[in-house]
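A quick write-up on the structure given underneath.
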Amino acid sequence: MRHLGTALLAASLLAGCGGTEPESSNASIARQQAPLTTTDVDVSPECQGILQFANTASYETLDAYLPSDVVSNLVARRSVSPFVSLADISSVRLVGPARLEQLAGGARAQGFIGSSCVGILDGLAVSTDDAAAIVSLVNTISDSELHDVLPDAWNGAVNLLTLRPFTSVQAISNVAGIGEVSLRNIRNSATLSRPLEALIDAANAVGNQGNSGAYMARHFDWWQEVTGNGSYRYGGLECFGLEPSSVPYGATVRPYLADAAEVRAEFVSTLSYANRYNQLSSSVISAGLANLDERIAGRSFKGCYFSYADDPWSGHSAAIFVDTVNGFSLMTDTYWVE
C-alpha cells in the first residue's frame, strides 16, 4: 500500500509537461524589491536582545560600536518611540545592513544576546533553531516547491538547488539571487508551520489502520505527485490555477482558485478520518488547526483533486493545494483496501 509519495499519474496522459512547472525567468524586479510585510517578524525571540540593546543602551555604549552620527540618530528616534523591529531600526537615517551588523555585535558583546542568536542575515535576526530549520529545508526541498516559495527569484532558486547541500544559513544568504525577500520566504516556509507539521506527523502515525487510512503532508513535490507515472489507474482529475502547459491531459480545469475555507474543509475532513479512533491529543489538534488558520487566512491556492489506485483492490482520493504567492502547500490523501 503506497502513500501519496509514490507516483500517481501515468506519464503518457500528460501533454508536453517537463520536470517542473514552467516559471518565468524574467521575474518582476518590482516584486523582488517590494517591502517586506509588516506582519512578518524579523527578530526571532532568541535575538530580541538586539532590540533591547538599541532601545536601552546609553549613548556612550552605543558609540563604542557605531559611528557617533548614527548613534545620535538612533537615540533621537527612540526618544519618540521604541524600536520594535529591524525594519524599524533600518528606517533611521544612516542605518543600513553594515550598521545593523555592528549593532548586533554590540548587543552580543554587552550580553544582550547569546549563542542561541546566530545574528542578522539579510534583514533577519535568526536563531540557531531557525537557522537549522532553514538549512534542512533548503537541502531537502523539491524543485517545484522551492520555485513556489521563491516565485520571483528564479535564479536564486536554481543556484540553491545547484549548490546544495549547505551547512549554514550564512552560506544560503550568500548565494547569488538570495536577498531579504527570498531569505524571508525560505525562513517562513521552514519555521512558521511547526504546530501544523506536528499535527500532521501525529495524524499520520495513527491514521493508517485496518483497510482504510489517511495521510497528509506539508512539504512535498507537488509536481511529481500530480504528474508521476506508475499508478494502476486514475480518475476524477480536476485542477485549478496551474500553468496551461502543466495541466494533465484529460483534466477538468475549473475557473477559480481554492480559498482558505476550501483548504481547511479538506484538511479537517482528512484529519477527522485519520483520528477516527480519537487517538490524537486535543491540544495538538487545536494548536495545529490554529496554525493552519494563520497560514491560509485570506490566501488563494492552485492545485488539483484526483483519485488513483495502486491495484484493482484499492483506491485513493487525494488533493493538493499550493499558495499562489508564497508556496505554502498541503497534501491530503484518504485510501481504502479491499
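Only the coordinates and a few stated rules stand behind these numbers; no lab work does. These numbers come from a predicted model, not from an experiment. No Cβ is skipped: glycine too gets one built from the backbone with ideal geometry, and neighbour counts run over all protein chains shown.
Table for the structure above
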{"quantity": "Shape call, region 36-115: gyration tensor on alpha carbons, a/c limit 1.5", "calculated": "oblate"}
{"quantity": "Helical mean residue ellipticity (222 nm; -39500 (n - 2.57) per DSSP H run of 4+; nearest 500) of the chain", "calculated": "-12000 deg cm²/dmol"}
{"quantity": "Percent RCO, i.e. relative contact order, over region 45-122, from Cα pairs under 8 Å lying at least 6 residues apart", "calculated": "44 percent"}
{"quantity": "Compactness index (Cα Rg / 2.2 N^0.38 Å), region 266-338", "calculated": "1.28"}
{"quantity": "Cα shape, region 138-183, gyration tensor, a/c 1.5 rule", "calculated": "oblate"}
{"quantity": "Choice from Ser286, Ser81, Ser272 with maximal GNM fluctuation in the chain (Cα, 10 Å cutoff)", "calculated": "Ser81"}
{"quantity": "Computed over the chain, the ratio Rg/Rh where both radii use C-alpha atoms and Rh is Kirkwood", "calculated": "1.05"}
{"quantity": "Principal semi-axes in Å for region 207-338 [√(5λ), Cα gyration tensor, largest first]", "calculated": "24, 22, 10"}
{"quantity": "Fewest-first ranking of Tyr59, Tyr305, Tyr273, using other Cβ atoms within 10 Å as the exposure measure", "calculated": "Tyr59, Tyr273, Tyr305"}
{"quantity": "Tilt relative to the chain, helix 194-206 - C-alpha long axis, 0 to 90 degrees, to 10", "calculated": "30 degrees"}
{"quantity": "Sequence of Thr61, Thr252, Thr227, Thr191 once ranked by neighbouring C-beta atoms within 10 Å, starting from the fewest", "calculated": "Thr252, Thr61, Thr191, Thr227"}
{"quantity": "At R0 = 30 Å, FRET efficiency that the Cβ-Cβ distance of Ala261 and Gln209 yields, to 0.05", "calculated": "0.55"}
{"quantity": "Span from the region 86-154 Cα centroid across to the region 235-281 one, whole angstrom", "calculated": "34 Å"}
{"quantity": "Cα gyration tensor category, rounded, prolate or oblate, for region 42-188 with a/c compared to 1.5", "calculated": "prolate"}
{"quantity": "Between region 155-172 and region 201-220, the Cα center-to-center distance that results, in Å", "calculated": "31 Å"}
{"quantity": "Order of Glu180, Glu60, Glu225 - criterion: other Cβ atoms within 10 Å of each residue's Cβ, fewest first", "calculated": "Glu60, Glu180, Glu225"}
{"quantity": "Principal-axis tilt of helix 128-140 within the chain, Cα atoms, nearest 10 degrees", "calculated": "40 degrees"}
{"quantity": "Potential extension, Ala171-Arg276 segment - 0.36 nm per residue separation minus Cα distance", "calculated": "33.3 nm"}
{"quantity": "In degrees, nearest ten, helix 282-296 long axis to first principal axis of the chain (Cα)", "calculated": "80 degrees"}
{"quantity": "Within the chain: Cβ-based charge dipole about Cα centre, in debye rounded to nearest 20 (Lys, Arg +1; Asp, Glu -1)", "calculated": "320 debye"}
{"quantity": "Listed residues Val138, Val84, Val118, most fluctuating in the chain (Gaussian network, C-alpha, under 10 Å)", "calculated": "Val84"}
